[in-house]
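Worksheet for the structure shown next.
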Amino acid sequence: MNKKKIISEYNKKLELLNKLNKYYFDRSKPIATDKEYDDLKREIIFLENKYEFLKSKNSPSKSVGHKPSKNFKKANHKVPMLSLANAFSEEDLINFEKKITNFLLKKEGFEISYSAEPKIDGISASLTYKNGNFVRGLSRGDGKEGEDITINLKTIKDIPQHISSKDFPEEIDIRGEVFIQNSDFENLKDKFANPRNAASGSLRQKNPEDTKKIPLNFIAYTFGFEKGLKVENQSDYLKKLKEWGFKINPLNKLIVGVKNLIDNYNGIEKKRADLNFDIDGIVYKVNDFALQKRLGNVANAPRWAVAHKFSSNKAVSQIKDIEIQIGRTGALTPVAKIKPINIGGVQVSNATLHNEDEITRKDIRIGDIVTVERAGDVIPHVVAVDVLKRKKTSKKFVFPAKCPCGYETIKEYNKITKKFDAVRRCPDRGFECNRIAKEKLKHFVSKEAFNIDGFGKKIVEKFWELSLIKLPQDIFKLDYDKIEKLDGWGKLSADNLRYSVDEKKQISLERFVYSLGIRHIGLENAKLLSRYFGSFQKFKTLSKKNNYSDLLNIDGIGETQLVSIKNFFSKNINLKILNELDKVINIQDAKVVNTKGLLRDKSFLVTGKLNNISRAEVKSLIEENSGTTVSSVSKKLNYLITGEKPTKKKIESAKALKIKIIDQDEFLRMLNKTG
Ligand code: IVH
């Protein structure tokens with residue numbers, strides 16, 4: 001056989017293997033027996049051993065240490081896996097505590113106990129136990145849907161397969177971190193960049209035998225869905241975890257007050273280098289579960305927890321150039337291209353300079369010697385300039401007045417702060433500015449939007465340059481024959497992409513609204529809009545509106561958001577995009593969150609001061625029980641809740657519109673709670 005033929009044979013086998021994987025992992029419908037599958041794999045490896053020139057990144061022989069498979073079965077988390085807000089300073093922590101005390105309407109000085117848990121930098125996993133048996137394990141995924149990695153998790157010795165303790169809940173999702181110890185990582189240094197990558201790579205191998213090769217550990221710290229869990233606070237839960245046979249972090253502590261949190265933080269930071277596992281901060285959780293429940297969540301993070309990140313690492317380097325990046329909202333962000341330098345184990349060659357004002361304030365120039373700081377997963381930034389080291393010939397940096405697309409940039413005037421914005425922008429005229437358009441597409445496919453597997457920023461750039469995509473709808477009409485022929489692609493990769501894109505043709509209204517990238521409409525506002533409109537068709541009627549003020553009835557949507565929405569719908573290109581997308585994808589109606597809620601289909605507005613309960617908590621109580629809150633009296637309002645010193649005008653308008661006026665006690669009775 002000649003070389004060409006061998007390669008073609010080999011590629012065919014690889015393609016077949018890929019197909020079998022897809023049917024097995026994604027569609028849960030195997031089309032080959034285990035033996036056929038193993039034989040095929042063996043043949044591929046045999047060919048590779050025989051002919052040195054055969055190499056493919058998809059080779060089954062390379063599964064450990066290479067990009068893991070995307071093909072695991074997916075499943076929903078019964079309770080979403082949230083992320084955490086970050087804190088970097090004592091001030092951030094004081095604010096975190098203040099928000100909690102305000103929400104709970106507690107006086108300053110109210111003591112909160114926190115479970116302080118060093119944050120291991122690994123991969124989170126959710127383990128479902130039913131009647132004491134470990135039945136399924138999922139990765140975090142996008143928080144709502146994870147990948148079924150049970151077989152790989154089963155190889156981890158820290159994960160009990162069966163728990164017979166009497167007080168172990170009938171059903172529970174035990175959540176924690178999968179990680180690799182630094183001492184074990186020593187032997188894998190040449191294969192992976194850091195312990196976290198090693199853990200992730202190992203966990204996502206298709207073959208559990210490959211996972212076994214890399215020693216993984218598991219530390220438990222929280223739970224998702226549960227039935228029959230009888231503990232009242234986090235520290236007791238951690239104790240139980242230990243009794244049930246899980247490992248917990250030996251450095252966990254119960255701490256009262258911000259000052260003590262800081263002392264503990266400083267102590268642990270000193271010990272950090274001697275630990276056998278990587279930590280990137282400390283997680284603080286309000287210890288009492290009853291308080292946690294009252295506090296609830298904002299967007300996708302709980303109000304009752306925060307991650308206090310370790311102070312950054314700093315290094316000195318030189319600015320080679322200053323590049324201007326254009327963001328999705330048109331913001332011009334200056335980025336310093338620095339001489340590559342290792343900061344805390346990561347190679348850094350870019351550092352953000354934030355905005356024009358920051359450059360002016362610090363007088364940052366090309367050629368300057370600067371201190372660069374990197375904190376956790378946050379973008380590195382320039383903290384200081386060493387002016388003494390500056391050459392006499394150095395010149396002030398002139399911030400461009402024009403966007404590379406040719407448009408004049410502007411600084412917006414903020415009516416609320418009565419100041420001009422620090423950020424300079426290319427005015428967003430829809431998809432006219434190439435830079436903005438590309439960023440919009442990147443946002444469109446990103447994790448929290450369409451979440452298209454394998455469709456990363458680089459692919460957006462490349463497809464854009466090749467004119468394969470210019471507008472969002474193009475993503476669903478890709479020319480795969482053309483893609484297959486691109487350098488570095490081939491049938492296998494093109495098929496994978498087609499599969500990932502097709503999979504996302506169904507989308508929730510909430511994600512869809514978010515993916516449009518309307519300025520000031522983040523996840524939380526997208527959710528509010530999606531609940532308010534209920535369906536894509538209703539959302540689209542906004543285009544026919546002249547008067548958008550109804551939107552102000554949505555609690556959370558203010559003047560800023562309204563102007564931005566109006567702006568979006570005033571552009572023909574956006575309307576065209578909506579129509580075109582409607583033809584190629586299926587946008588699902590908003591789910592009614594909790595249909596059994598006591599306040600279903602009812603809307604509320606509070607006027608005046610209530611007793612022992614903050615506005616924020618009332619709002620959260622109403623929403624938890626499927627009601628909505630509005631921000632003004634209109635025909636759409638069902639109940640006006642009045643407290644001390646209510647606004648007279650609100651009561652009068654409510655009376656005129658025959659809206660029910662109730663007091664706090666009546667409201668609590670509606671929730672089966674007494675006043
Ligand atoms: S609790 C609802 N506890 O941090 C709170 N998370 O940014 C979220 N993590 O995905 C989970 N140590 O991977 C919690 N003791 C700890 C943690 C911890 C590490 C990670 C976890 C999560 C991420 C949130």
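The values are calculated or read from the model by the stated rules, or taken from the named source; none is laboratory data. What you see is a predicted model; the values in this text were computed from it and never measured. With ideal geometry, Cβ positions are generated from the backbone for all residues, glycine too; neighbour counts draw on all protein chains shown.
Being outside any strand (DSSP E or B), away from the ligand (no atom under 16 Å from the Cβ) and touching a Pro at 6+ places or on another chain (Cβ under 8 Å) narrows it down to one residue among ASN187, ASN152; which is it? Talk me through it step by step, then tell me what you get.
Working: ASN187 fails: touching a Pro at 6+ places or on another chain (Cβ under 8 Å).
Answer to the check: ASN152.
Just a yes or no: is a residue in segment 243-257 more than 16 Å from the ligand (Cβ to nearest atom), more than 26 Å from SER614 (Cα to Cα), of a type in the set (Phe, Trp, Tyr) and buried (at least 18 other Cβ atoms within 10 Å of the Cβ)? First the steps, then the outcome.
Of segment 243-257, the ones more than 16 Å from the ligand (Cβ to nearest atom) are 243-245, 256-257.
Checking which are more than 26 Å from SER614 (Cα to Cα) leaves us with 243-245.
Next, only the ones that are of a type in the set (Phe, Trp, Tyr) stay: 244.
From what's left, buried (at least 18 other Cβ atoms within 10 Å of the Cβ): 244.
Checked against the condition, which is being more than 16 Å from the ligand (Cβ to nearest atom), more than 26 Å from SER614 (Cα to Cα), of a type in the set (Phe, Trp, Tyr) and buried (at least 18 other Cβ atoms within 10 Å of the Cβ), segment 243-257 yields at least one hit.
Condition first: charged (D, E, K, R) and over 20 Å from PHE310 (Cβ atoms). Now tell me which residues in segment 371-392 satisfy that. Break it down stepwise before answering.
So the first thing to find is which residues in segment 371-392 are charged (D, E, K, R), and the list is 373-374, 377, 386, 389-392.
Correct list: ASP386, LYS389, ARG390, LYS391, LYS392.
Select from segment 501-533 the residues that are crowded, with 19+ Cβ neighbours inside 10 Å, more than 13 Å from ASN451 (Cα to Cα) and of a type in the set (Lys, Arg) and list them in ascending order.
Listed by number, the list holds a single entry, LYS527.
Provide a single number: the residues in segment 398-444 that are outside any loop (DSSP other than H, G, I, E, B) and more than 30 Å from the chain's Cα centre (by Cα). Outline the logic, then answer.
Of the residues in segment 398-444, the ones outside any loop (DSSP other than H, G, I, E, B) are 402, 408, 410-414, 419-425, 434-444.
Okay, now just the ones that are also more than 30 Å from the chain's Cα centre (by Cα), so 402, 408, 410, 413, 419-420.
Qualifying residue count for the region: 6.
For every residue, the table says whether it meets (1) modelled with pLDDT under 95; (2) farther than 30 Å from GLY517 by Cβ; (3) among the aromatic types (Phe, Trp, Tyr); (4) within 13 Å of the ligand (Cβ to nearest atom).
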{"position": "ALA301", "(1), (2), (3), (4)": "yes, no, no, yes"}
{"position": "ALA305", "(1), (2), (3), (4)": "no, no, no, yes"}
{"position": "LYS309", "(1), (2), (3), (4)": "yes, no, no, yes"}
{"position": "ILE319", "(1), (2), (3), (4)": "no, yes, no, no"}
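Give the residue, chosen from LEU275, LEU291, that is in contact (Cβ under 8 Å) with a residue 60 or more places away in the chain, away from the ligand (no atom under 13 Å from the Cβ), surrounded by fewer than 17 Cβ atoms within 10 Å (Cβ to Cβ) and among the aliphatic types (A, V, I, L, M). Give the derivation first.
Values: LEU291 fails: surrounded by fewer than 17 Cβ atoms within 10 Å (Cβ to Cβ).
Exactly one residue qualifies, and that residue is LEU275.
Any chance segment 295-310 includes a residue that's at negative phi, assigned to a helix (DSSP H, G or I), in contact (Cβ under 8 Å) with a residue 40 or more places away in the chain and not acidic (Asp, Glu)? Don't jump to the end; show me each part of the working.
Here is the first cut: in segment 295-310, the ones at negative phi are 295, 297-298, 300-310.
Keeping just the survivors that are assigned to a helix (DSSP H, G or I) gives 295.
Pick out the ones that are also in contact (Cβ under 8 Å) with a residue 40 or more places away in the chain and you get 295.
Those left that are additionally not acidic (Asp, Glu): 295.
Among the residues of segment 295-310, at least one is at negative phi, assigned to a helix (DSSP H, G or I), in contact (Cβ under 8 Å) with a residue 40 or more places away in the chain and not acidic (Asp, Glu), which makes the answer yes.
Looking only at segment 123-135, decide whether some residue is polar (S, T, N, Q) and either closer than 19 Å to ASP278 by Cβ or free of Cβ contacts under 8 Å to residues at least 24 places away in the same chain (or both). First the steps, then the outcome.
First, pick out the residues of segment 123-135 that are polar (S, T, N, Q): 124, 126, 128, 131, 133.
Among the residues that remain, those that are also either closer than 19 Å to ASP278 by Cβ or free of Cβ contacts under 8 Å to residues at least 24 places away in the same chain (or both) are: 124.
So far as segment 123-135 goes, yes, one or more of its residues are polar (S, T, N, Q) and either closer than 19 Å to ASP278 by Cβ or free of Cβ contacts under 8 Å to residues at least 24 places away in the same chain (or both).
Report, ordered by the first and then the second residue, all pairs with beta carbons closer than 9 Å, sequence separation of six or more or different chains, a first member in segment 81-103 that is more than 14 Å from VAL283 (Cβ to Cβ) and free of Cβ contacts under 8 Å to residues at least 12 places away in the same chain, and a second member that is away from the ligand (no atom under 16 Å from the Cβ) and not small (Gly, Ala, Ser).
Cβ pairs passing all conditions: LYS98/GLU108; THR101/LYS107; THR101/GLU108; THR101/PHE110; THR101/ILE112.
When only residues in segment 40-73 that are aromatic (Phe, Trp, Tyr), more than 35 Å from the chain's Cα centre (by Cα) and assigned to a loop (DSSP other than H, G, I, E, B) count, which is modelled with the lowest pLDDT? Show your work before the answer.
Restricting attention to segment 40-73, the residues satisfying the condition of being aromatic (Phe, Trp, Tyr) are 46, 51, 53, 72.
After this cut, where a residue has to be more than 35 Å from the chain's Cα centre (by Cα) as well, the list is 46, 51, 53.
This time we only want the ones that are assigned to a loop (DSSP other than H, G, I, E, B), so: 51, 53.
Details: TYR51: 82, PHE53: 78.
Filtering segment 40-73 for residues that are aromatic (Phe, Trp, Tyr), more than 35 Å from the chain's Cα centre (by Cα) and assigned to a loop (DSSP other than H, G, I, E, B), the one modelled with the lowest pLDDT comes out as PHE53.
Among the residues in segment 358-368, are any closer than 30 Å to LEU516 by Cα and touching a Pro at 6+ places or on another chain (Cβ under 9 Å)? Step through it out loud before you land on a result.
In the first step, residues of segment 358-368 are kept if they are closer than 30 Å to LEU516 by Cα; the result is 358.
From what's left, touching a Pro at 6+ places or on another chain (Cβ under 9 Å): 358.
Yes, that holds for at least one residue.
Of all residues in segment 652-675, count the ones that are more than 21 Å from ILE613 (Cα to Cα), in contact with a strand residue (DSSP E or B) (Cβ under 8 Å, 6 or more places away or on another chain) and in a helix (DSSP H, G or I).
Adding up the residues that qualify gives 2.
Does SER202 satisfy being more than 13 Å from the ligand (Cβ to nearest atom) and among the hydroxyl-bearing types (Ser, Thr, Tyr)? Give the steps one after another, and end with the answer.
On the way: more than 13 Å from the ligand (Cβ to nearest atom): yes; among the hydroxyl-bearing types (Ser, Thr, Tyr): yes.
Against the criterion (more than 13 Å from the ligand (Cβ to nearest atom) and among the hydroxyl-bearing types (Ser, Thr, Tyr)), SER202 qualifies.
Would you call ASP601 surrounded by fewer than 17 Cβ atoms within 10 Å (Cβ to Cβ) and at negative phi?
Values: surrounded by fewer than 17 Cβ atoms within 10 Å (Cβ to Cβ): yes; at negative phi: no.
So ASP601 fails the test.
Being more than 14 Å from GLY224 (Cα to Cα), among the charged types (D, E, K, R), outside any loop (DSSP other than H, G, I, E, B) and more than 10 Å from the ligand (Cβ to nearest atom) is the filter here, so list the residues in segment 119-148 that pass it. Talk me through it step by step, then tell me what you get.
Of segment 119-148, the ones more than 14 Å from GLY224 (Cα to Cα) are 119-123, 131-135, 141-142, 147-148.
Then keep just the ones that are among the charged types (D, E, K, R); that gives 119, 121, 142, 147-148.
From the residues that got through so far, the ones that are outside any loop (DSSP other than H, G, I, E, B) too are 119, 147-148.
Of everything in segment 119-148, those that are more than 14 Å from GLY224 (Cα to Cα), among the charged types (D, E, K, R), outside any loop (DSSP other than H, G, I, E, B) and more than 10 Å from the ligand (Cβ to nearest atom) turn out to be GLU147, ASP148.
Residues of segment 120-140 being crowded, with 21+ Cβ neighbours inside 10 Å, under 24 Å from GLY201 (Cβ atoms) and of a type outside the set (S, T, N, Q), which ones?
Result: ILE120, GLY122, ILE123, ALA125, LEU127, GLY137, LEU138.
Let me spell it out: the conditions are (1) within 33 Å of the chain's Cα centre (by Cα); (2) assigned to a loop (DSSP other than H, G, I, E, B), and LYS395 meets all of them except one. Which number is the exception?
(1)
Could you count how many residues in segment 94-118 are within 16 Å of the ligand (Cβ to nearest atom) and either aliphatic (A, V, I, L, M) or over 18 Å from ARG294 (Cα atoms) (or both)?
Selection size over segment 94-118: 4.
Out of (1) out of contact with any Gly (no Cβ under 6 Å at 6 or more places or on another chain); (2) assigned to a loop (DSSP other than H, G, I, E, B); (3) farther than 29 Å from ALA449 by Cβ, what's the single condition that is false for LYS591?
Failed condition: (3).
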